[in-house]
Each structure stands twice: as structure tokens, then as C-alpha cells.
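**Student:** Just dropping this structure here.
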Amino acid sequence: MRKGLFSKLLATFTVIISITFVMTASYLSYWFEEYYFDQRKGQLSTESQFISEAAIQYLQGNILTDKMNETLKNISDYLSADIWLADSYGYIYAVSNNSYKNIIGTQILTDELEKLRSGQTIEQKGVHGNIFKTPVHTYEIPIFTDEGSFKGAILMNTSINELREPLNKVYHIIWLSVIFAIMISCIIIYYFSQRIIIKPLEQINHVADKISKGDVDKRVDINSNDEIGELAKSFNSMADSLEAVEKNRREFISNVSHEIRSPITSIKGFIGGILDGVISNDKQNYYLSITYEEIQRLTRLVNDLLDLSAIESGQFRLRIEEVDINEIIRLCVIKFETKIKEKKLNVDVFMEDDRLLVAADRDRINQVVTNLVDNAIKYIGNGSNIKIISKAKGEKAFISVYDDGPNIAKEDLNHIWDRFYKVDKSRTSKISTGLGLPIVRCILTQLGEDIWVDNKEPQGVMFTFTLRRI
Ligand SMILES: Nc1ncnc2c1ncn2[C@@H]1O[C@H](COP(=O)(O)OP(=O)(O)OP(=O)(O)O)[C@@H](O)[C@H]1O
Ligand SMILES: [Mg+2]
């Protein structure tokens, strides 16, 4: 991952930055060259006025050749240019540098004369028919008397190499700066992309790898306030839920194993005793009946577990139909008649009407009512009271199962819906598994309904759930 993303980022940024810098540098170089030549031209023009005056004086015979040559020489030195003077036919009659004496009398200007005559200046680059060995920049300026008559031209030649020397220095600085800037940018990009993107991604990847191998308590430590920070936060909350699921799974397995182990141990003990002859023949029936009860308990446990997992995974397709909840309550009370009589309980059923129609799955809702009534009977003492109330309120039907047994402690209230949770582990361990309420809640959640429990004063517990009326 690192190589791919990192090199792509680096390449993209470097290309963008290089293009930007190269474009800027080219523009800067171009602009500087223009500026430099303009300056040079300005300088040449200014100085040409003195030459012009001297030339006119010379042509009019007011000054001698020596004097004029001296003026040319001085200005030539000052401008680092070879200065020639041509008459109105283009013939050279004076040069600033004696090495070019041989061209005196040569007609250098021909085609340009027309332009010069009309007052234009001319700029050229070249070797002037091999007079110069290296290319020169020539600036030709016409000479006019005060009356406006054309008296020839000044030719100012500067070696292009010499002209370019300072320019090259500037180019050198510009391009070195560009290379330096690109290198610095690359280092900054490298550092920041490592810090902002690559390292955090590597960390997330590393932790994800650890978690996938079972280290579910590992977390990412990134607190940046950007998308990567958000990703890290989401990743950590995903890891939290994974950890919770994993914890749940472990607890569940340990609970199931524990619930299964105790009946199996007693079954094994009793049957072993019978086979070994430790249990005498007349007591065998008694122990076999205990074994039978244990097997029934195991069967119930397995059935409850299967129900729960089927409901949770959505495999139980609810068959929603019109159900008379009052009818279900009546049948349920009849079903528990024997137990009610055994414990001498008072069971009162309050109904507003004969029928209360709701939309539900008949078998599942029967399971809900049965579990709640079973609990009420189980957790109250002999001779206590149970009330079952069904009420219609707007769109909803409210069904409550009340018993006047002891309150459920505050710390247990939130846990009674957990799988395998039993308030009194010792007393109820033989008769219950702690799966009733989780199944009840699961069924009602699937129906989109609610269930809650209230402790009543001075004592008593009331479970209430809702159903949708039709
Ligand atoms: N009506 C009630 N009064 C007092 N405590 C109750 C009542 N109903 C449930 N409880 C408490 O809640 C716990 C969980 O109930 P739940 O129905 O889930 O399991 P159970 O009755 O112990 O086992 P199972 O229903 O699987 O036989 C019970 O162990 C009990 O302590
Ligand atoms: Mg129960």
C-alpha cells in the first residue's frame, strides 16, 4: 500500500510543482531579457546624441578627425560597444576601434538606408558579413541636422556573448533557485504526506491486521481533525463493537457450556450409579425420574437456544395475522391451572372487552404471554396474587402481567433481559435457564413493539408490553 499511494502522491505533486516553477522561471527569464535589452537600447540612444552632435560638427568641418575619434573612443569604452559612423550613402568614415580601420570607405549600409532616412532606428543581430567573428547586436541610429537633413547613421555593435554574460548569470540564479525550490518542495511533500496520510493509514492497516488475528482490544491512536481522523474514529468504534460482540460470544459460550454441564454431570452420575449397582433396585426408579427431568431441562435449554438464535437471525418468519390477545391470555391461564392450584395463587384477569384484536404472530405472542405468566408464578410465594390486564389505548393494546412478589433490585433491572441472567442463581438454577425474557424481548422487537418492567409499591413487579391493534 505504502509504495503505491506514496509514489503516486509524490509523483503528482512533483510534476505539478515542477511545471509551475518551470513556467514561472521561463516567464521571469523572458521578461528579464526584454527588460535588459530595453535598458541597453535606452543607454545607446542617450549616448548616440553626443555622437550625433560630434559627427555633424565633423562633417561641417568644425572639429578635426582626431577630436571626433577621441569622442567615439570615449563613448565606445563607456558603452563597451564598437561604434562606427556611416555617411548618407552608407559608407563608413569613422570607427571607434582601430582594429576595424580597414572597413573605412566600405559601404556597409545599403537596404537599411531608406528606413534610416525616414528617421527609424534599426536593430540587427549577426556578423556583418564576417567583419566580426562572433555574432553582434547592432543598433543603427540615423543622424539628422537641426534642419532635418539626413547625414548618415551611427552603428553601435556589441558582442552578443558579452551582452549575455550578465543575463546568463541571472538565468543561472533563476534556474538554480527553481531546482532548489523543487527539491525543498519534494522534501516538504514527502514529510507531510508521510505524516498526514501514509503513517496514519499504515497504523490503521496494522491495527486492522491485529484485530483480524484476534487482538480485538487494539485501537488506532490518531487525533487529527480531518478525514483521516474521522476514519480513525469510525475504525475505533467499529473495533469497540467487534470487541463487544467478541465478549458477548465468549460469555455466551461459557454460559451455554455451564448450563449443559450440570445436568449432564448428574445424568452421568445417576446412570453410572445404576449400572455399577451402587444404587439399589428399589431406588432406581426415583433416580431415573430425576434423570428424566434433567433431560427435559436440557431439551428445553436447547430448544430455547435454537428459538433465540432463529429469531435473532431473522429465520423465524413472523406470520402476522389477526389475533385475539384476550383469548390467548385466557388459554394461558387455563394452561397453568395445575401450577396455580399447587401454589394456591389468586389470579385475576382484567379485560375491557371480550375481544381485543391485534396484529401479531399467534404462536410467538403465545410464547410471550406464557413466559411472563410462568415468571410471575415462579417468582412469588404461595398464596400470592397475580393480575393480568389488557387495555386498548389509541392504536395500541397494552398487556400487563403483575405479581405481588418482591421487587427486582435496581442493579438487576437492566440485566434481566440478558441471556442466562438469573437474579437468584441458587434458588432458580434447577427450574430456569434465564432465556425466557431475552426470547420475549426478541419477539416483540421483531414485531416492532416494546416491553418494560416496573417495580410497584410497596411490593410487586409489573411487566407491560404493547401490540398494534386492528
Ligand atoms: N415476575 C418476576 N418477578 C421477579 N423476578 C423476575 C420476574 N420475572 C423475571 N424475573 C427475574 O428475571 C430473571 C430472568 O428471567 P427469565 O424469564 O429471562 O429467566 P428465568 O425465568 O430465570 O428462566 P426461563 O424463563 O428460561 O425458565 C429471572 O431469573 C428472575 O430473577
Ligand atoms: Mg422465565
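The values are calculated or read from the model by the stated rules, or taken from the named source; none is laboratory data. Model, not experiment: these values are computed from the prediction. Backbone-built Cβ (ideal geometry, glycine too); neighbour counts: all protein chains shown. Surface areas here come from the heavy atoms of the whole protein model, side chains and all, with no ligands, DNA or RNA. Shrake-Rupley method; radii C 1.70, N 1.55, O 1.52, S 1.80 Å.
**Student:** For segment 2-166, compute the orientation-averaged projected area of the C-alpha convex hull (one quarter of its surface), in nm².
**Tutor:** Seen from a random direction, the Cα hull of segment 2-166 projects 12.9 nm² on average.
**Student:** Next question. Spin-label point model (7 Å from Cα, Cβ direction): what's the R219 to T20 distance in nm?
**Tutor:** 3.8 nm
**Student:** Ignoring ligands, DNA and RNA, what accessible area per residue does segment 2-166 give at 1.4 Å, in Å²? Before the final figure, lay out each step's value.
**Tutor:** Values: 9530 Å² over 165 residues.
Normalised by residue count, the accessible surface of segment 2-166 is 58 Å².
**Student:** Would you kindly compute the Cα radius of gyration of segment 227-312 and its largest Cα-Cα separation (Dmax), both in Å?
**Tutor:** 22.1, 77
**Student:** Let me ask something else. How large is ³J(HN,Hα) for each residue in segment 249-260, as worked out from phi by the Karplus curve 6.51 cos²θ - 1.76 cosθ + 1.60 (θ = phi - 60°), to whole Hz, x for Gly and Pro?
**Tutor:** 4, 4, 4, 4, 4, 5, 4, 4, 4, 4, 5, 7
**Student:** FRET efficiency for R195 and Q315, Cβ-Cβ distance as r, R0 = 41 Å, nearest 0.05? Provide the component values of the computation, followed by the final result.
**Tutor:** Working: r = 49 Å, r/R0 = 1.20.
Efficiency computed from Cβ-Cβ geometry: 0.25.
**Student:** Suppose we keep just the alpha-carbon trace of the chain; what are its Rg and Dmax in angstrom?
**Tutor:** Spelled out, the Cα radius of gyration and Dmax of the chain are 53.7, 164 Å.
**Student:** Per residue, what accessible area does segment 258-381 have, given a 1.4 Å probe and all protein chains present, in Å²?
**Tutor:** Values: 7560 Å² over 124 residues.
On a per-residue basis, segment 258-381 sits at 61 Å².
**Student:** If you fit an axis through the alpha-carbon atoms of helix 436-446 and take the longest principal axis of the Cα set of the chain, what angle between them do you get, 0 to 90°, nearest 10?
**Tutor:** 50 degrees
**Student:** Counting other Cβ atoms within 10 Å, which trypsin sites (Lys or Arg not before Pro) in segment 94-173 have at most 13 and lie in a DSSP loop?
**Tutor:** Listed in order of number, the matching sites are K133.
**Student:** Mind checking which aspartates and glutamates have their C-alpha under 14 Å from K422, skipping anything on the same chain fewer than 8 residues away?
**Tutor:** E259, E411, D412
**Student:** Once you have the Cα-Cα distance between W31 and I188, take 0.36 nm times their residue separation minus that, and quote the gain in nm to one decimal.
**Tutor:** Fully extending the segment from W31 to I188 adds 53.6 nm.
**Student:** Chymotrypsin sites (Phe, Trp or Tyr not before Pro), restricted to segment 66-136: which are DSSP loop and have at most 11 other Cβ atoms within 10 Å? Before the final figure, lay out each step's value.
**Tutor:** Working: sites: Y78, W84, Y89, Y91, Y93, Y100, F132; in loops: Y89, F132.
Filter output for segment 66-136: Y89.
**Student:** Do any trypsin sites (Lys or Arg not before Pro) in segment 174-271 lie in a DSSP loop with no more than 11 other beta carbon atoms within 10 Å, and if so, which?
**Tutor:** Listed in order of number, the matching sites are K213.
**Student:** Would you please give the FRET efficiency between K378 and H206, computed as 1/(1 + (r/R0)^6) with r the Cβ-Cβ distance and R0 = 51 Å, to the nearest 0.05?
**Tutor:** Details: r = 52 Å, r/R0 = 1.02.
After rounding, the FRET efficiency stands at 0.50.
**Student:** Moving on. May I ask for the angle, rounded to the nearest 10°, between helix 160-193 and the longest principal axis of the chain, with both axes built from Cα atoms and the value confined to 0 to 90°?
**Tutor:** So the helix axis and the longest Cα principal axis differ by about 10 degrees.
**Student:** Could you tell me what percent of the accessible area of the chain is made up of carbon and sulfur, with a 1.4 Å probe and every protein chain present?
**Tutor:** So the carbon and sulfur contribution to the accessible surface is 54 percent.
**Student:** Now for a different question. Give, in nm to one decimal, the length gained when the segment between S177 and N102 is fully stretched (0.36 nm per residue of separation minus the Cα-Cα distance).
**Tutor:** Separation in residues times 0.36 nm, less the Cα-Cα distance, equals 22.3 nm.
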